[in-house]
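The values are calculated or read from the model by the stated rules, or taken from the named source; none is laboratory data. Computed from a prediction, not measured in an experiment: that's the story for all the values here. No Cβ is skipped: glycine too gets one built from the backbone with ideal geometry, and neighbour counts run over all protein chains shown.
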Amino acid sequence: MTQDTAQKRPALLTVEDDPVQRQCLRRLLKTDWDVYFAETLEEAEAALARHPEIGILLCDHELPDGNGLDFCERLHRRQAPVIRILITGHAETALLMQAVNAQCLFHFVAKPYESNKLLEVLERAAAVFLDCAEARQTRLRQEEEENRRSVRQTVSHWAQIIFGVGSFLLATLLVVLLVTLVLGAIVFVVLYVLKSFLGIDLFADRHLEDFLPF
């Protein structure tokens with residue numbers, strides 16, 4: 001893992017009810033990891049709710065209030081964004097491999113385990129978590145950009161409709177005004193001709209100048 005990846009390393013939640021094992025893990029992890037501890041699955045749930053920065057779960061299989069594998073499967077079903085690692089002493093390997101293949105588990109570590117092997121698994125889990133987090137951020141940015149593009153297209157569409165309707169109404173109004181003026185002018189000319197050439201005095205004592213606005 002690069003130095004940059006190490007600096008971005010997610011927090012770790014360790015679920016272990018054995019105080020001796022818990023102390024060993026504390027000594028092993030305290031230098032390089034931001035680590036939280038829980039003794040039961042109930043405490044683990046509370047820790048996950050309180051600390052969204054937790055990205056890796058290191059869970060013992062046998063716990064006072066339940067089964068670590070069942071807990072990991074529940075987290076998987078609800079798509080909790082944590083990488084799940086199970087520590088086990090006697091669970092069936094076939095069952096655990098099935099959980100790994102179903103992506104309920106990232107890895108399982110058999111007891112007794114070597115400290116350096118556990119650290120290697122955790123480092124790989126951190127790298128996977130960061131890759132997934134980056135992919136999620138990329139997807140969110142793409143969705144946000146798609147939403148903005150959709151809004152822009154909708155606004156542009158309605159603007160075109162409004163502009164088209166407005167242009168049509170304005171053109172219609174201008175045509176109506178023009179037709180009205182032309183018809184008015186024709187009627188006026190006809191009436192004036194009748195007055196001037198046929199001797200029909202439609203406007204007694206009125207002259208053309210009386211109808212002009214200037």
query = Taking the condition touching a strand residue (DSSP E or B) at 6+ places or on another chain (Cβ under 8 Å), without any contact (Cβ under 8 Å) to a residue 24 or more places away in the chain and part of a helix (DSSP H, G or I), does residue 141 pass?
reply = no
inquiry  = When you check residue 178 against the structure, is it farther than 30 Å from residue 75 by Cα, surrounded by 10 or more Cβ atoms within 10 Å (Cβ to Cβ) and either among the small types (Gly, Ala, Ser) or modelled with pLDDT of 85 or more (or both), yes or no?
reply    = yes
request  = Find all pairs meeting these conditions: Cβ atoms under 6 angstrom apart; at least six residues apart or on different chains; first residue within the range 71-86 and closer than 17 Å to residue 25 by Cβ and modelled with pLDDT of 90 or more; second residue β-branched (Val, Ile, Thr) and buried (at least 23 other Cβ atoms within 10 Å of the Cβ).
outcome  = 83/56
key: Check on residue 188, at pLDDT 80 or above, surrounded by 10 or more Cβ atoms within 10 Å (Cβ to Cβ) and in a helix (DSSP H, G or I)   = no
remark   = Across the range 92-110, the tally of residues that are over 16 Å from residue 129 (Cα atoms) and surrounded by 14 or more Cβ atoms within 10 Å (Cβ to Cβ) stands at 5
